[in-house]
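Engineer: After the structure tokens below, expect a handful of questions from me.
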Amino acid sequence: MADKSEGAKGPRPVVLVLGGGFAGIGAARALKKVDADVVVVDQHDCHTFQPLLYQVATDLLEPSAVGHPLRDLFHEHPNARVHLDAVTSIDLEKREVRFAEMQPVVYDYLVLALGAEVTFFGTEGAAEHAFPMYTLADAVRLKKHVLDKWEAADKDETLVDDGALNVVVVGGGPTGVESAGALAELYRSNFAEDYPDVRQEQARITLVEGSPHLFGMFKERLRDYTKGALEERGVEVLLGEIVEAVEPTRVKLKSGKVLEAHTLVWGAGLQANPIASSLGLELEKGNRIAAEPDLSIAGHPEAFAVGDIAWITDSKTDEVLPQLGSVALQAGAHAAENIARQLEGKETKSFAYHDKGTMATIGRGAAVVQLPHGRTLKGETAWLAWGTVHLALLSTGEDRAKAVVDWTWAGFTHERAARISVET
Ligand SMILES: Cc1cc2nc3c(=O)[nH]c(=O)nc-3n(C[C@H](O)[C@H](O)[C@H](O)COP(=O)(O)OP(=O)(O)OC[C@H]3O[C@@H](n4cnc5c(N)ncnc54)[C@H](O)[C@@H]3O)c2cc1C
């Protein structure tokens with residue numbers, strides 16, 4: 001890479017984009033025509049489309065349909081360079097970022113888009129035994145674990161009685177609901193045929209949520225529909241229950257109930273990337289960095305915090321925006337626009353989120369959509385809308401094509417082609 005260790009003394013300013021998720025990509029791509037060197041650094045070589053991770057875990061999509069090579073996204077961006085490395089520290093005063101392997105980079109502008117990570121809220125045994133759903137590696141690990149459990153039960157039927165096939169999913173938000181629904185469909189259709197001698201009807205999928213309802217962000221009628229749609233698919237929904245401890249084969253709830261299950265999927269909590277806590281800034285809930293209205297970091301007009309690492313307030317509504325891919329993408333692009341404005345000597349602009357609606361899926365033909373002016377959709381229509389929007393969000397036409405082929409095939413045949421384990 002070009003040596004940036006001397007700082008921005010070269011002919012062009014350096015815009016350093018940390019993170020190649022929705023926010024980082026949104027920013028870096030919007031900087032295509034800006035007269036600056038754009039340097040994108042991520043610890044992974046791919047951009048992960050998190051909303052579809054559960055489809056990798058439940059064999060609907062191949063990992064390559066939701067993880068796209070980062071370098072590939074910048075072939076048409078002559079001013080951008082991508083590097084694979086882990087950020088280890090950021091000095092906002094010196095405008096310097098350190099990495100695990102590369103030389104430090106001194107920047108003129110910074111886009112901090114390192115996302116969030118799972119938090120188990122100190123739940124005993126969760127870090128050791130739970131399966132979080134935040135990275136592609138998490139999804140592939142869960143997929144392999146579930147396939148291994150079924151293969152083991154196929155050889156030893158007594159494992160079914162010990163709960164080897166049972167899954168507890170924690171969290172009644174989109175990650176938990178989508179995972180529980182997809183697992184139930186996988187169990188009741190594909191696995192029932194794959195393993196005709198295994199008593200699949202005894203395999204329990206239980207969704208545990210601490211609050212009195214699923215999908216807190218949706219209207220009541222959509223929450224009720226979601227619970228019913230999950231139950232129809234054979235998911236047991238436990239509301240107002242909190243997981244107290246996780247063991248390899250048992251899950252203990254605060255109420256005293258013990259669930260026999262060899263798999264616990266954790267979709268219950270996120271906190272900002274730990275780098276946020278190392279910056280000496282005052283942090284908001286979930287250790288998120290409070291972004292100024294123009295998305296810069298207080299006292300550092302050249303540094304912007306965007307995506308899940310940031311606490312972003314919508315200048316239109318004054319409400320704090322949720323940690324969503326669409327918010328991250330738009331915020332990244334807005335930070336890029338403000339960098340371009342600063343380079344032209346113009347004032348920065350406040351960020352206003354363009355809300356196209358919130359949606360989540362429960363299973364084949366079942367989803368919920370809440371549009372900005374209160375209109376709601378559910379069932380098949382909502383599911384088609386969900387599919388269209390998620391296809392549009394995938395990074396490239398190639399990813400979209402892969403997802404369409406897999407979804408269409410699965411839609412017609414109920415087949416899940418990604419149902420194999422690959423040993424490495
Ligand atoms: C299972 C799941 C389902 C979801 N479903 C939806 C949905 O349906 N709709 C929706 O809008 N949103 C959804 N979201 C939320 C959405 O995915 C996030 O809001 C979005 O990914 C945030 O983007 P980001 O760029 O801030 O962070 P991320 O996408 O997490 O990107 C952060 C990047 O930073 C990199 N990174 C982290 N630490 C380091 C380091 N130290 N050094 C170098 N690189 C680093 C990571 O590798 C990653 O590529 C879902 C999230 C999950 C987990």
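The values are calculated or read from the model by the stated rules, or taken from the named source; none is laboratory data. Keep in mind that this is a model prediction, so the values were computed, not measured. Glycine also receives a Cβ, built like all others from the backbone with ideal geometry; neighbour counts cover every protein chain displayed. With ligands, DNA and RNA removed, areas are computed over all heavy atoms of the protein, side chains included. Shrake-Rupley method; radii C 1.70, N 1.55, O 1.52, S 1.80 Å.
Engineer: Show me the GluC sites (Glu not before Pro) within region 250-358 that DSSP assigns to loop and that have at most 14 other Cβ atoms within 10 Å of their Cβ.
Structural biologist: Passing sites in region 250-358 are GLU282, GLU319, GLU344, GLU347.
Engineer: Now for a separate question. Identify which of ALA139, ALA192, ALA182 has the largest mean-square fluctuation in a Gaussian network model of the chain, with springs joining Cα atoms closer than 10 Å.
Structural biologist: The residue with the greatest mean-square fluctuation here is ALA192.
Engineer: Assign unit charges at the C-beta atoms only (+1 for Lys and Arg, -1 for Asp and Glu), then state the dipole size of region 143-193 relative to its Cα centre in Debye, rounded to the nearest 20.
Structural biologist: It works out to roughly 240 debye.
Engineer: Let me see the pair-distance distribution of region 106-214: every alpha carbon pair, 5 Å bin width, integer percents in order.
Structural biologist: Bins of 5 Å from zero give 2, 10, 18, 21, 17, 12, 8, 4, 3, 2, 2, 1, 0 percent of pairs.
Engineer: Which lysines have a Cα less than 28 Å from the Cα of LYS346, not counting those fewer than 8 places away in the same chain?
Structural biologist: LYS4, LYS9, LYS32, LYS33, LYS94, LYS316
Engineer: Tell me, what ³J(HN,Hα) does each residue in region 171-178 have, in order and in whole Hz, if you take phi through Karplus 6.51 cos²θ - 1.76 cosθ + 1.60 with θ = phi - 60° and put x for Gly and Pro?
Structural biologist: Couplings: x, x, x, x, 4, x, 5, 5 Hz.
Engineer: A further question on this structure: Quick one: of LYS143/LYS257; LYS143/LYS349; LYS252/LYS378, which pairs are farther than 32 Å apart, Cα to Cα?
Structural biologist: LYS143/LYS349; LYS252/LYS378, as the Cα separations exceed 32 Å there.
Engineer: Using modelled backbone amide H atoms (1.01 Å from N, in-plane), which distant-in-sequence or interchain residues come within less than 5 Å of ASN79's amide H?
Structural biologist: Those qualifying (amide H under 5 Å, at least 5 residues apart or on another chain) number zero.
Engineer: Kirkwood Rh, Cα Rg: Rg to Rh for region 217-369?
Structural biologist: 1.09
Engineer: Further question: I need the chymotrypsin sites (Phe, Trp or Tyr not before Pro) found in region 84-133, filtered to DSSP loop residues with at most 14 other beta carbons within 10 Å of theirs.
Structural biologist: Counting only loop positions with at most 14 other Cβ atoms within 10 Å, the chymotrypsin sites (Phe, Trp or Tyr not before Pro) in region 84-133 are PHE121.
Engineer: With no solvent and one point on each alpha carbon, what is the Debye value of log10 I(q)/I(0) for region 1-113 at q = 0.11 Å⁻¹?
Structural biologist: Evaluating at q = 0.11 Å⁻¹ gives log10 I(q)/I(0) of -0.37.
Engineer: Report Rg(Cα)/(2.2 N^0.38 Å) for the chain, keeping two decimals.
Structural biologist: Cα Rg divided by the expected 2.2 N^0.38 Å: 1.02.
Engineer: Here's something else I'd like to know. How far is the Cα center of region 315-357 from the Cα center of region 178-202, in Å?
Structural biologist: 43
Engineer: Quick check on region 47-130: what does the Kirkwood estimate of hydrodynamic radius come out to from the alpha carbon pairs, in Å?
Structural biologist: Kirkwood radius, region 47-130: 16.3 Å.
Engineer: Take the Cα atoms of region 104-164, build their convex hull, and give its volume per residue in Å³.
Structural biologist: Per-residue hull volume (Cα only) is 133 Å³.
Engineer: Please work out how much length the chain gains when fully extended from ARG188 to LYS94, using 0.36 nm per residue of separation minus the C-alpha to C-alpha distance, in nm with one decimal.
Structural biologist: 28.1 nm
Engineer: If you count only protein heavy atoms with a 1.4 Å probe, what accessible area per residue comes out for the chain, rounded to a whole Å²?
Structural biologist: Value returned for the chain: 45 Å² of accessible area per residue.
Engineer: May I pose another question? Select from region 57-114 those trypsin sites (Lys or Arg not before Pro) which occupy a DSSP coil region and have at most 13 other Cβ atoms within 10 Å, ordered by residue number.
Structural biologist: LYS94
Engineer: Quote the relative contact order of the chain in percent (integer), defining contacts as alpha-carbon pairs under 8 Å separated by 6+ residues.
Structural biologist: 19
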